[in-house]
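Let me begin by presenting the structure, written as structure tokens, before commenting on it.
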């Protein structure tokens, strides 16, 4: 990785902060931090940054064999932390905050976490409450079913029990599908992906509806699951994933955007994608084997082509 380029991705912000501070107090010997606001000011003062993570969103954000958060989103967030350290001119300790689909937004808005590093869809409704980075992945709702039980797509869900995860866009997709098409189904709302997955495994649910990549990840992480379970159906939604942070924090928003642009230009986003989607998952002999979609490739190329101001 082009380490120098990566570590300097926050340089434009640093320069601007230094000029602001010099104008405010020309006698200051350390002007940069004095000009910090919002999240950057707070983490500079505390020496720590809080990252929200998920425990079963494979391969984005989940617990590894050592009990530490790992995954594609986690690695991108760690890169953002290095940029924040450059901006605030001090090393930062990472404080890990576990969240679920139902609690992740509240963790950000309440200040419990500074960045949410998971598998969260950026949409207009959520953007009214929180802010998002540029898109880091594109997914869509599909179904996980037991093989040999005759469910091939959503048309086969009449009078079936369908597991969904609380607080996800997939839950709303399935409710809308049922109402719009007059398709009678029973939704079983689970607190997290792992429990919804287990309900299909143990027969409590006929299907689990969530983002296709998460389903592939859960199957890959579960011994023998590929022989018993299948991901089926057409895409029922478009889900652009992004890193979530507090709304109304322009310094942090600029740093996040500029940093991800630098990572795209450097090729680090592509390297992390290959590590988590094409290679064997850490501690596992399984791999997802999902090449980057044309949509995500176009997004990353556009991000890389943009100028860091």
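Quick note: the coordinates plus some simple rules give every number you see, no bench work behind them. Given the structure is predicted, the values throughout are model-derived calculations rather than measurements. Glycine also receives a Cβ, built like all others from the backbone with ideal geometry; neighbour counts cover every protein chain displayed.
From the square roots a ≥ b ≥ c of the eigenvalues of the alpha-carbon gyration tensor of region 141-237, which class results: rounded (a/c under 1.5), prolate (a/b over b/c), or oblate?
It is prolate, given that a/c is not under 1.5 and a/b is the larger ratio.
When the chain is modelled as a GNM with alpha-carbon springs shorter than 10 Å, which of 217, 64, 118 fluctuates the most?
64
Return one number: the angle in degrees, 0 to 90 and rounded to the nearest 10, between the long axis of the Cα atoms of helix 169-180 and the longest principal axis of the Cα atoms of the chain.
40
Picking from 158, 205, 190, which is most flexible by a Gaussian network model of the chain using Cα springs under 10 Å?
158
Go ahead and estimate [θ] at 222 nm for the chain from helices alone: -39,500 (n - 2.57) per DSSP H run with n ≥ 4, summed, over the residue count, rounded to 500.
Value at 222 nm, helices only: -12000 deg cm²/dmol.
Tell me the Rg and the Dmax, in Å, that the Cα atoms of the chain produce.
20.8, 75
Subtracting the Cα-Cα distance from 0.36 nm times the residue separation, let me have the gained length for residue 187 to residue 68 in nm, one decimal.
Length gained, residue 187 through residue 68: 39.6 nm.
If region 194-244 were replaced by its equivalent ellipsoid, with semi-axes equal to the square roots of 5 times the Cα gyration tensor eigenvalues, what would those be, largest first, whole Å?
20, 13, 11
Which FRET efficiency value, to the nearest 0.05, is calculated for residue 226 and residue 179 with the Förster distance at 30 angstrom and r the Cβ-Cβ distance?
0.35
Among the DSSP beta bridges whose two residues both lie in the chain, what percent are antiparallel, rounded to the nearest 5?
Around 55 percent antiparallel, to the nearest 5.
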